[in-house]
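Notes follow once the structure below has been shown.
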Amino acid sequence: MRYTGLRGSLPAITAALLVAGCGSDSDHSAGAVTTGTVDSASGGSASGSPTSAASVSRTSPQLPSVSGSARPRYVVKRISTGSKPCATLGAAGSIWVADINDSNVKRLDPGTGRLLATITTAAGPCGMAYGAGSIWVEDYTASAVTRIDVATNRTSTIPVGSSPYDVSFAAGAAWVTNNGDGTVTRIDANTNKTRTIEVGAAPVGIAAAGGAIWVCDAGSSELTRIDVVTARVSTIAFGGSPRWTASDQNTVWIGDQGAGQIARLDARSGRIVRRIDVGPTPNDGDVLDGAVWFPDKSGGLYRLDQRTDAVTGPFPTGADNPFVVSGYDHRLWIADYAGTDTIVMDPALLP
């Protein structure tokens, strides 16, 4: 999803929509904020041939529990943001939270967490990206994208492929993975006109880096590279279950939910240069303040050094399923897909 984009622990979001419950330890109205701290925490090549990669081996420690009202001091806010928050995004002076059940996006003040606006979208919003003065929201259930003008909060709806999962923005366009039909939709930001690009099976996460769009084809265990200028497509064997991403200008970090690893891709060479062991089910990540952050479906958060990939964590988040993390203004904003809250963490307070 950026980021963002879609972002499960939804190995099949359809099943999650049908069976996942809604609940949390907060009963505040949307936009209400709970603050305060406690003294102690509970706790390849473009031809498609496989590429070799160094492996950083580690044993993930057991995640400490966080229960009741007690929480680590680095969790500085819990904000009730709807019946099922699916994704967060920090952009244009605001925090944006997509609620997949309520079919809206909440716009929050990043300083206070207060609700600024509730913006109706097409059905099933989740992954988001920012570009061209707009928030681009993929609407899974409606097979559409909602474009939100950040100056006015006005919206327009753009049809895309079947069951969109994630969205990114680069080179004057929004790029959307369509999990249901193995395509990516390119939306021209000037005209809202679309172009369909065939990729691998069941694409999930998407990220822009190194002059290209990188697509996680979970169904075919490969990555698709799309040139942002020519839209030319090439593939790279991944050898696992690529799902969600984090990225900077020249690097994409890809969560392998089959192996419980993060794969580091050099976007300039198209090579996977390292695999890092983390939790069993890494969800959708982001980059902030020299670190790469990946939440895990088990409830923890992992920190990777942006340069060396040295990993620390897991840090308890207090979320039952922290699906998407978005870094903004030195804070981490986490959507709890199994609850009703958006959780705000201060990385400077982490051990």
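None of the figures in this text is laboratory data; all of them are computed from the coordinates on show. Predicted, not measured: the structure shown is a model, and the values here were computed from it. Positions of Cβ are backbone-derived with ideal geometry, glycine not excepted, and every protein chain shown enters the neighbour counts.
From the alpha carbon centroid of segment 185-253 to that of segment 276-311 is 20 Å.
For segment 225-351, a crude dipole built from +1 on the beta carbon of Lys and Arg and -1 on the beta carbon of Asp and Glu, taken about the Cα centre, is about 600 debye to the nearest 20. Over segment 229-351, what is the relative contact order in percent, taking alpha-carbon pairs closer than 8 angstrom and at least six residues apart? Relative contact order for segment 229-351 comes out at 15 percent. Rounded to the nearest Hz, the phi-derived 3J(HN,Hα) couplings of segment 274-288 under the Karplus curve 6.51 cos²θ - 1.76 cosθ + 1.60 (θ = phi - 60°) are 6, 10, 10, 6, 9, x, x, 9, x, 9, 7, x, 7, 10, 8, where x marks glycine and proline.
The listed peptides 272-279, 290-297, ordered by packing as a protection proxy, come out as 290-297, 272-279 (highest mean of other Cβ atoms within 10 Å first). Which lysines have a Cα less than 24 Å from the Cα of Lys77, not counting those fewer than 8 places away in the same chain? Those lysines meeting the cut-off are Lys106, Lys297. The order of Arg147, Arg268, going from fewest to most other C-beta atoms within 10 Å of their C-beta, is Arg268, Arg147. For the peptides 70-78, 169-177, the ranking by mean Cβ contacts within 10 Å, running from highest to lowest, is 169-177, 70-78. Between Ser269 and Thr230, the modelled labels are 2.2 nm apart [label points 7 Å from Cα along Cα→Cβ]. Take the Cα of Thr191, step 7 Å toward its Cβ, do the same at Thr120, and the gap between the two points is 3.0 nm.
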